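Q: My structure is below; once you've seen it, I'll send some questions.
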Amino acid sequence: MKELAKTFDPKEFEQRIYEDWERDGDFHAEVNPSKKPFTIVMPPPNITGQLHMGHALDQTLQDVLTRWRRLQGYSALWLPGTDHASIATEVRVADELRETEGLSKEDLGRGEFLKRVWKWKDIYGGKITEQQRRLGDSCDWERERFTMDEGCNKAVVEFFVRLYEKGLIYRGSRLINWCPDCGTSLSDAEVEHEDLNGKYWYIRYPAADGGAGITVATSRPETMFADVAIAVSPEDERYTDWIGKSVLLPVTGREIPVIADPYPDPEKGTGAVKITPAHDPNDFEVGARHGLAQPVCIDFDAKMTAEAGKYEGQDRFACRKAWVEELDAAGYLVKTEDVVIPTGKCYRCDTIVEPMISEQWFVKMEELAKPAIEAAKRGDLRHVPARFEKIYLHWLEEIRDWCISRQLWWGHRIPAWTCGTCGEIIVARETPAACPKCGAAGAALSQDEDVLDTWFSSALWPFSTLGWPEDTPDLRYFFPTSVLVTGYDIIFFWVVRMVFSSLEMMGEPPFETVFVHGLVRDEQGRKMSKSLGNGVDPIEVIDTYGADALRFFLLNGSAAGNDMRFVLKNVESTRNFANKLWNASRFVLMNIGKTKGDGSKTKGDGSYVLRDEDMWILRTTEQVAAEVTDNLEKYELSVATQKIQELIRDEYCDWYIELVKTRLYGEDEETKAVCRAVLVRVLSDLLRLLHPFMPFITEEIWSYLDKPNKLIKDRWPAPEGFAEDADFAAAAGRIETTKEIVRAVRNIRAEANAPQSKKLPILILFDEGKTPSLGEHIRSLAGVSDIGVIKSEADLPGDTVSAILKGMALHVPLADLVDFAAEREKLAKERERLTGETQRLSAKLNNEGFTAKAPAAVVEAEREKLAAAEEALTKVTAREAAIREK
RNA sequence: GCGGGCAUAGCUCAGCUGGUUAGAGCGCAUGGGUCACAACCAUGAGGUCCCGGGUUCGAAUCCCUGUGCCCGCACCA
């Protein structure tokens, strides 16, 4: 038998193991009607850069679920891919171009620029998949996809055309979010709000007929050049007389009407609002209601237009400053007020977003949102943890039309053409040969220059990756997917859109469950970010501690849906746990020799060859396996990891291995063979249970066990009835008693500072009716020289230290080592505790409300507790009396 | 304004559908170079489960109020 290295070193095997898995196609999932499908489509990481710790968490959760289901015998598909991330990538590549070559993307031109982006995609996409391999992702690389590959493009076009034909996509001139730096429109979801310190400037608009006029407050005085009215509430008596009259725009003297509209709130500001339809969403609505013009005073570069007179060409904020000064000098500035202004910023470049009127493509949301809301309410779509359903619903219920066109080059080109001859707009799956309306030849048709929002293609990801719009076997078998794993920060961008797209195109939700996780923060709880420089590179952590350790830490770190902190010390702990398993396995391998057999339950004649500890560990392992399975079904991954860790470290290593050593080192070949078999058998189950969480180390150890197949393709532990077997239960009970005695003796030894090398005799006084059943275990594990059973206190020789246990009193004669003062103190403390305990329990049991209403099992358990406490109390009191004089 | 989260041992966090003597890892203290493991072992000390109410026979757990931290959405001149 090969031996394991003395210390666990993940570098020795992680890469090799991964290559073996990949080479042998172990991640590949096939359509297989005799198996149940389990499908996860990976949220495609952006090709903009490296994987961060959040990805590591996201990927690990998916890998755990996939590996677990694969072991359970599902045809488990985890479909990987990357996202072209239209705006983010374009910005990155353009930045790089400027830095390295001093060129703008316009300098290169569309075609050449796109070539550069594809090159970028090859480099960074490759880096990402390399990192995923380091993490141990068992995804099916044969099915790897890209949101801009041919199949996805086909899906995008099909989706667009179908929605257009249904009237759910339209083109229109509306107020949209504009990022002047990225030079594109943004959807509402792509605008982040930040509270900035700003001001209200109270500005007087003089009456057209020469009166003092109306004062309005504004946080954006530079938009005044595009004002078309002053609106007041019809209910606001202060302004009733003004309605229908006119005021003059300060300085410029342009006349604008005062109109009545429900929008102004008399409580806010001065009650009168300037109306600038081209630069404010609310004003846009007001303007539309009143049929007002939409002059524009800020252009797409965030510079003032000719509308702003002498400020034309100035930056919007520079203009604001100068303009306020001019207003002040001219006596129109009534006052200013410091105030916090919630300001929209571009989620990619942080530039302050400018609301602009622009011709864009939109998806009409109302009709699409409804089924998505119903699906969640009906339970066809489940969120884990459930609270995220509220967020999902809230967003859908308030959703507005989705602006999907982007003034960018990198992305799916909009499948729409304009006829240069008649102006007809043609939406089609393929480049039209001629204009259907006027018959002009294809040359007269020009395709829309814009591309689609990245999320328009991501929305189709769960089915476009499986072949849609074709009706493929994959699609029929693997769709709908089983679970979507993603961070809560992406519910709006992505989850919501996948759901309504799928409901519209496939007629059902794209997944049964949305498993939501939180963010990985830094040690101080701050968000990891480039600007703070506090990001931790998962690959560096893997280099130091191994992928298994990182994965286990990420799983252990927090409950589902909650943010977690990255604490390096804790990764070290999980690495140490891996090392523990490694060494236990090393022990097993060193001792099993050429053992045959599988640790089976009984001999042919039905009598047991298994000893108590064998039955105990088999039973315990089976119980924990069942619990872990249950936890996984409920997505309680961190609970599962804790239970497995406890089983391996506390039960298998600390107790079973220790309990079995005397047998292994002894001469009895038969019992030696049995415990060897049980050691291997239980270790195998432990490896199976741990494999989804720590795939590398488990596969590596497995390879030393002479198994016919790899662990990744083995099976999940299934119950064999140990847990229900009465003999096993009795054996387990005896082992628990043994553990209790061993612990008590160790405790006494430590408290008395008796050297560990010194063997101690112990005496046990059993409660009446209890059967003594003591094995070698106590001698070997607690350093006991002799175990005596006595009939009464009176039989105790000399000076002893005692411990009161369930069903017995344990005495260790320590002669001069006995500190009777400490002993009395200990007993008094114990008596106090037990007295409190008995009082509490009897009060509870005397309460009729409790005995009548609590479940019988609970009442029974409390009765037993009381009996035990009373018994212990008697023994403690007796002991106190016995040593009172010492 | 609307919605959500968190508050448990010195630190990082578990604790499911109410019934536990409230747990883990790290840290701390004491002892140990023992033949799987010092990336270790053994033992131990640490907790008015944020405050206050309520529901209940029974609350860390469910409900309400408050306090403190954090987040999302919306929005104001």
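Q: Counting just the residues of region A:401-425 that are charged (D, E, K, R) and under 16 Å from A:Asp450 (Cα atoms), which one comes out surrounded by the fewest Cβ atoms within 10 Å (Cβ to Cβ)?
A: Only one residue tops the list, namely A:Arg413.
Q: Answer yes if at least one residue in region A:18-28 is free of Cβ contacts under 8 Å to residues at least 12 places away in the same chain and of a type outside the set (Lys, Arg), and no otherwise.
A: Yes, the conditions are met somewhere in region A:18-28.
Q: Would you check which residues across region A:531-557 are assigned to a loop (DSSP other than H, G, I, E, B), in contact (Cβ under 8 Å) with a residue 24 or more places away in the chain and open to solvent by 10 Å² or more (accessible area, probe 1.4 Å) and list them?
A: Selection gives A:Gly535, A:Val536, A:Asp537, A:Gly557.
Q: Applying the selection to region A:305-363, what residues are under 30 Å from A:Thr418 (Cβ atoms), charged (D, E, K, R) and loosely packed, with under 15 Cβ neighbours inside 10 Å?
A: A:Glu359
Q: Is there a residue being of a type in the set (A, V, I, L, M) and open to solvent by 20 Å² or more (accessible area, probe 1.4 Å) anywhere in region A:56-63?
A: No - not one qualifying residue is present in region A:56-63.
Q: Can you tell me which residue within region A:734-765, out of those that are away from RNA strand B (no atom under 16 Å from the Cβ) and surrounded by 16 or more Cβ atoms within 10 Å (Cβ to Cβ), is nearest to A:Thr620 (Cα to Cα)?
A: A:Arg734
Q: Being open to solvent by 10 Å² or more (accessible area, probe 1.4 Å), within 16 Å of RNA strand B (Cβ to nearest atom) and not acidic (Asp, Glu), is that true of even one residue in region A:242-252?
A: Yes.
Q: Which residues, counting only those in region A:455-489, are open to solvent by 10 Å² or more (accessible area, probe 1.4 Å), among the hydroxyl-bearing types (Ser, Thr, Tyr) and in a helix (DSSP H, G or I)?
A: Result: A:Tyr477, A:Tyr488.
Q: Would you mind stating whether A:Glu724 is assigned to a loop (DSSP other than H, G, I, E, B) and within 42 Å of the chain's Cα centre (by Cα)?
A: Considered against the rule, which asks whether it is assigned to a loop (DSSP other than H, G, I, E, B) and within 42 Å of the chain's Cα centre (by Cα), A:Glu724 comes out as yes.
Q: Could you grab me the full set of residues in region A:857-883 that are more than 10 Å from RNA strand B (Cβ to nearest atom), open to solvent by less than 60 Å² (accessible area, probe 1.4 Å) and without any contact (Cβ under 8 Å) to a residue 60 or more places away in the chain?
A: Result: A:Leu866, A:Ala867, A:Leu873, A:Glu880, A:Ala881.
Q: Give the residue that is farthest from the chain's Cα centre (by Cα), with candidates limited to residues of region A:558-574 that are crowded, with 21+ Cβ neighbours inside 10 Å and either farther than 19 Å from A:Leu687 by Cα or near RNA strand B (Cβ under 7 Å from one of its atoms) (or both).
A: A:Val571
Q: Which ones in region A:830-856 are farther than 23 Å from A:Ala803 by Cα, charged (D, E, K, R) and either more than 9 Å from RNA strand B (Cβ to nearest atom) or in contact with a helix residue (DSSP H, G or I) (Cβ under 6 Å, 6 or more places away or on another chain) (or both)?
A: Hit for region A:830-856 is A:Lys844, nothing else.
Q: Do you know which residues across region A:635-671 are touching a residue at least 12 places away in the same chain (Cβ under 8 Å), farther than 20 Å from A:Ala584 by Cβ and either away from RNA strand B (no atom under 12 Å from the Cβ) or surrounded by fewer than 20 Cβ atoms within 10 Å (Cβ to Cβ) (or both)?
A: Listed by number, the residues that qualify are A:Glu636, A:Ser638, A:Glu670, A:Thr671.
Q: Anything in region A:170-200 that is near RNA strand B (Cβ under 8 Å from one of its atoms) and not charged (D, E, K, R)? List them, or say none.
A: A:Ala189, A:Val191, A:His193, A:Gly198, A:Tyr200
Rundown of residues vs (1) more than 25 Å from A:Lys886 (Cα to Cα); (2) without any contact (Cβ under 8 Å) to a residue 60 or more places away in the chain; (3) part of a helix (DSSP H, G or I), yes/no style:
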residue: A:Glu720; (1), (2), (3): yes, no, no
residue: A:Val745; (1), (2), (3): no, no, yes
residue: A:Ala754; (1), (2), (3): no, no, no
residue: A:Arg779; (1), (2), (3): yes, yes, yes
residue: A:Gly798; (1), (2), (3): no, yes, no
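Q: Something else: Look through A:Met304, A:Met356 and report the one residue that is closer than 23 Å to A:Asn282 by Cα, in contact with a Cys (Cβ under 6 Å, 6 or more places away or on another chain) and either among the hydrophobic types (A, V, I, L, M, F, W, C) or at pLDDT below 95 (or both).
A: A:Met304
Q: Sort through A:Glu398, A:Glu389, A:Glu366 and tell me the only one that's of a type outside the set (Phe, Trp, Tyr), within 14 Å of RNA strand B (Cβ to nearest atom), surrounded by fewer than 17 Cβ atoms within 10 Å (Cβ to Cβ) and modelled with pLDDT under 95.
A: A:Glu398
Q: Within region A:510-523, is there a residue that is surrounded by fewer than 21 Cβ atoms within 10 Å (Cβ to Cβ), hydrophobic (A, V, I, L, M, F, W, C) and not in a strand (DSSP E or B)?
A: Scanning region A:510-523 turns up at least one residue that is surrounded by fewer than 21 Cβ atoms within 10 Å (Cβ to Cβ), hydrophobic (A, V, I, L, M, F, W, C) and not in a strand (DSSP E or B).
Q: Just checking: which of the helices (runs of 4 or more DSSP H) contained wholly in region A:610-678 hold 3 or more residues that are under 20 Å from A:Ala726 (Cα atoms)?
A: In region A:610-678, A:612-633 are the helices (runs of 4 or more DSSP H) which contain 3 or more residues that are under 20 Å from A:Ala726 (Cα atoms).
Q: Another question, then. It is to be established whether one or more residues within region A:833-856 are in contact (Cβ under 8 Å) with a residue 40 or more places away in the chain and of a type in the set (Phe, Trp, Tyr). Spell out the reasoning first.
A: Pass one, region A:833-856, residues in contact (Cβ under 8 Å) with a residue 40 or more places away in the chain: A:834.
Next cut, of a type in the set (Phe, Trp, Tyr) only: none.
Checking region A:833-856: not a single residue is in contact (Cβ under 8 Å) with a residue 40 or more places away in the chain and of a type in the set (Phe, Trp, Tyr).
Q: While we're here: Taking region A:217-241 only, how many residues are without any contact (Cβ under 8 Å) to a residue 40 or more places away in the chain and within 9 Å of RNA strand B (Cβ to nearest atom)?
A: 1
Q: Of the residues that sit in region A:766-809 and are open to solvent by 70 Å² or more (accessible area, probe 1.4 Å) and within 16 Å of RNA strand B (Cβ to nearest atom), which one is modelled with the lowest pLDDT?
A: A:Glu776
Q: Right, A:Ala547: small (Gly, Ala, Ser) and near RNA strand B (Cβ under 8 Å from one of its atoms) or not?
A: no
The values are calculated or read from the model by the stated rules, or taken from the named source; none is laboratory data. Predicted model only: the values in this text are computed from it and were never measured. Positions of Cβ are generated from backbone atoms using ideal geometry, with glycine treated the same way; all protein chains shown enter the neighbour counts. In case anyone asks, the SASA skips ligands and DNA or RNA and just uses the protein heavy atoms, side chains included. Shrake-Rupley method; radii C 1.70, N 1.55, O 1.52, S 1.80 Å.
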